[in-house]
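Q: Below you will find the structure I want to go over with you.
The values are calculated or read from the model by the stated rules, or taken from the named source; none is laboratory data. All figures in this text were calculated on a predicted structure; none of them were measured in a lab. Here the Cβ is made from the backbone with ideal geometry for all residues, glycine too, and neighbour counts use every protein chain on show.
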Amino acid sequence: MPKIGGRQPVLKPQDVVLCAKLSANSERWYTFAELGRELYMSASEVHAAAQRARSSQLVINDEEGLAVSRAAFEEFLLYGIKYAFPAQTGPMTRGMPTGVAAPPLAQQFDQTVDLAPVWPDADGTVRGISFVPLYPSVPAAARLDRRLYEILALIDALRGGAAREREAAAAALKEYIYDGHL
């Protein structure tokens, strides 16, 4: 328990990315160095993210290491993410599809050419409206881990989608968080 009189911990976007990674790979145990390599962050940055997530009760220590508190993470994503980290969109760019333009929602929604939300990325293959990722390394980390990519895309649908898109993303995220897959 934190001491009274200390500073109020504040979540940062990379803390959500860390929680998404742990949720996407709940069967795996990671060191901070491994998480750093796979998330394109430093080990100390991952450690600080874990501390903030733990302080916010999004992450717990279990017998094998860090684990996402599924109920807390779900509640935060469904009711807080769009307020804590609102969607930031910009001009047309080349990038990696996110939100409703990415799996698993892409097949559920018609995609209008040039209106797909994309994370700006030089290696991207789709042209669309730029959608600022939670953290700059998200596109690179998502290329390494398909489940992480899908969870982050669903989170972006919650952050910036219309009501119907948010509803579909919420249902899919619940399956990911509790079952580990769709």
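Q: Of the residues Val100, Val132, Val138, which single one is in contact (Cβ under 8 Å) with a residue 12 or more places away in the chain and out of contact with any helix residue (DSSP H, G or I) (no Cβ under 7 Å at 6 or more places or on another chain)? It would help to see each step written out before you state the result.
A: Working: Val100 fails: out of contact with any helix residue (DSSP H, G or I) (no Cβ under 7 Å at 6 or more places or on another chain); Val138 fails: out of contact with any helix residue (DSSP H, G or I) (no Cβ under 7 Å at 6 or more places or on another chain).
That would be Val132, the only listed residue that is in contact (Cβ under 8 Å) with a residue 12 or more places away in the chain and out of contact with any helix residue (DSSP H, G or I) (no Cβ under 7 Å at 6 or more places or on another chain).
Q: Let me ask something else. Of (1) in the same structural domain as Arg146 (by TED's automatic domain parsing); (2) within 15 Å of the chain's Cα centre (by Cα); (3) among the charged types (D, E, K, R), Arg94 satisfies all except one. Which?
A: All conditions are met except number (2).
Q: Please enumerate the residues belonging to the range 17-65 that are buried (at least 18 other Cβ atoms within 10 Å of the Cβ), aliphatic (A, V, I, L, M), without any contact (Cβ under 8 Å) to a residue 60 or more places away in the chain and outside any helix (DSSP H, G or I).
A: Scanning the range 17-65 gives Leu58, Val59.
Q: Give the range 1-16 a look and list any residue that's modelled with pLDDT of 90 or more, in a loop (DSSP other than H, G, I, E, B) and surrounded by 13 or more Cβ atoms within 10 Å (Cβ to Cβ), or say none. Can you show your working first?
A: Within the range 1-16, the subset modelled with pLDDT of 90 or more is 10-16.
If we keep only those that are in a loop (DSSP other than H, G, I, E, B) too, we end up with 10-12.
Correct list: Leu11, Lys12.
Q: Among the numbered conditions (1) free of Cβ contacts under 8 Å to residues at least 60 places away in the same chain; (2) touching a helix residue (DSSP H, G or I) at 6+ places or on another chain (Cβ under 8 Å), tell me where Met92 comes up short.
A: Looking at each condition in turn, Met92 falls short on (2).
Q: So, in the range 141-169, exactly how many residues are at pLDDT 95 or above and either in a loop (DSSP other than H, G, I, E, B) or surrounded by fewer than 16 Cβ atoms within 10 Å (Cβ to Cβ) (or both)?
A: 5
Q: Also: Counting only residues that are of a type in the set (A, V, I, L, M, F, W, C) and more than 9 Å from the chain's Cα centre (by Cα), which one in the range 6-21 is nearest to Gly65 (Cα to Cα)? Give the steps one after another, and end with the answer.
A: At the first step, the residues of the range 6-21 found to be of a type in the set (A, V, I, L, M, F, W, C) are 10-11, 16-20.
Going one step further and asking which of them are more than 9 Å from the chain's Cα centre (by Cα), we end up with 10-11.
Details: Val10: 22, Leu11: 20 Å.
Filtering the range 6-21 for residues that are of a type in the set (A, V, I, L, M, F, W, C) and more than 9 Å from the chain's Cα centre (by Cα), the one nearest to Gly65 (Cα to Cα) comes out as Leu11.
Q: I need the full set of residues from the range 71-103 which are in a loop (DSSP other than H, G, I, E, B) and surrounded by fewer than 18 Cβ atoms within 10 Å (Cβ to Cβ), in order please.
A: Result: Gly80, Pro86, Ala87, Gln88, Pro103.
Q: Separate question: Of the residues that make up the range 140-152, is at least one in contact with a Ser or Thr (Cβ under 8 Å, 6 or more places away or on another chain), under 16 Å from Lys21 (Cα atoms), aliphatic (A, V, I, L, M) and not assigned by TED's automatic domain parsing to the domain that holds Met41? Explain how you work it out, then say what you get.
A: Step one: of the range 140-152, the residues in contact with a Ser or Thr (Cβ under 8 Å, 6 or more places away or on another chain) are 151-152.
Filter once more, so that each one left must be under 16 Å from Lys21 (Cα atoms): 151-152.
Those still in the list that are aliphatic (A, V, I, L, M) too: 151-152.
With not assigned by TED's automatic domain parsing to the domain that holds Met41 added as a condition, the list becomes 151-152.
Checked against the condition, which is being in contact with a Ser or Thr (Cβ under 8 Å, 6 or more places away or on another chain), under 16 Å from Lys21 (Cα atoms), aliphatic (A, V, I, L, M) and not assigned by TED's automatic domain parsing to the domain that holds Met41, the range 140-152 yields at least one hit.
Q: May I ask you to verify whether Ala24 is of a type in the set (Gly, Ala, Ser) and either within 17 Å of Asp145 (Cα to Cα) or more than 17 Å from the chain's Cα centre (by Cα) (or both)? Before the answer, list the steps.
A: Working: of a type in the set (Gly, Ala, Ser): yes; either within 17 Å of Asp145 (Cα to Cα) or more than 17 Å from the chain's Cα centre (by Cα) (or both): yes.
Answer is yes for this residue.
Q: Report yes if some residue within the range 30-50 is outside the structural domain of Ala172 (by TED's automatic domain parsing), touching a helix residue (DSSP H, G or I) at 6+ places or on another chain (Cβ under 9 Å) and at positive phi; otherwise report no.
A: There is at least one residue in the range 30-50 that is outside the structural domain of Ala172 (by TED's automatic domain parsing), touching a helix residue (DSSP H, G or I) at 6+ places or on another chain (Cβ under 9 Å) and at positive phi.
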